[in-house]
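J.: Please find one structure pasted underneath; my questions will follow.
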Amino acid sequence: MAMALGEYGIRVNAVCPNAVEGPRMDAVIAAEAKTKGVSEAEVYKSIVKGTAMKTFVTTDDVSSLILFLSSKAGRNISGQALSVDGFTETLR
């Protein structure tokens, strides 16, 4: 898409967040904890263990990347898949 639309000044990027904190991930953690018979804290630790930043990203992290890509500073970034994940080591 980036190649096809670039000549029209349209940039195409994919923003790829991993675990974003909030109600959805809270439900995922609760369900996994129940299934495995462990605490929610243990599930959370297991998930963030595979990230360099040892935390989930926030909606602000994701929106900040989108704002940057939409800004003048991001004007020459196109055709990229950009992870917002605190550097995830493995996919879960």
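All of the numbers you see were taken from the coordinates with simple rules; none came from a lab. Note that the structure is predicted; figures quoted are calculated from it, not measured. Heads up, the Cβs are rebuilt from the backbone with ideal geometry, glycines too, and the neighbour counts pull from every protein chain shown.
J.: Just to be sure I understand, how many residues within the stretch 1-35 are in a loop (DSSP other than H, G, I, E, B) and hydrophobic (A, V, I, L, M, F, W, C)?
T.: Matching residues across the stretch 1-35 total 4.
J.: State yes or no: is Ser64 free of Cβ contacts under 8 Å to residues at least 40 places away in the same chain and under 16 Å from the mean Cα position of the chain (by Cα)?
T.: Judged against the criteria, Ser64 is a match.
J.: With respect to Ser83, determine if the residue is out of contact with any Pro (no Cβ under 7 Å at 6 or more places or on another chain), of a type in the set (S, T, N, Q) and in contact (Cβ under 8 Å) with a residue 12 or more places away in the chain.
T.: yes
J.: Within the stretch 1-45, how many residues are of a type in the set (S, T, N, Q) and loosely packed, with under 11 Cβ neighbours inside 10 Å?
T.: Residues flagged as of a type in the set (S, T, N, Q) and loosely packed, with under 11 Cβ neighbours inside 10 Å within the stretch 1-45 amount to 1.
J.: Six or more apart or on different chains, Cβ atoms under 9 Å: show the pairs whose first residue is in the stretch 68-80 and on the phi > 0 side of the Ramachandran plot and whose second is surrounded by 13 or more Cβ atoms within 10 Å (Cβ to Cβ) and of a type outside the set (D, E, K, R).
T.: Gly79/Ala2; Gly79/Gly6; Gly79/Val12; Gly79/Asn13
J.: Filter the stretch 67-76 down to the residues that are exposed (fewer than 15 other Cβ atoms within 10 Å of the Cβ) and among the hydrophobic types (A, V, I, L, M, F, W, C) and list them by number.
T.: Leu67, Phe68, Ala73 - these are the residues of the stretch 67-76 that are exposed (fewer than 15 other Cβ atoms within 10 Å of the Cβ) and among the hydrophobic types (A, V, I, L, M, F, W, C).
J.: Limited to the stretch 41-82, what total is found for residues that are within 16 Å of Cys16 (Cα to Cα), small (Gly, Ala, Ser) and outside any loop (DSSP other than H, G, I, E, B)?
T.: Residues flagged as within 16 Å of Cys16 (Cα to Cα), small (Gly, Ala, Ser) and outside any loop (DSSP other than H, G, I, E, B) within the stretch 41-82 amount to 4.
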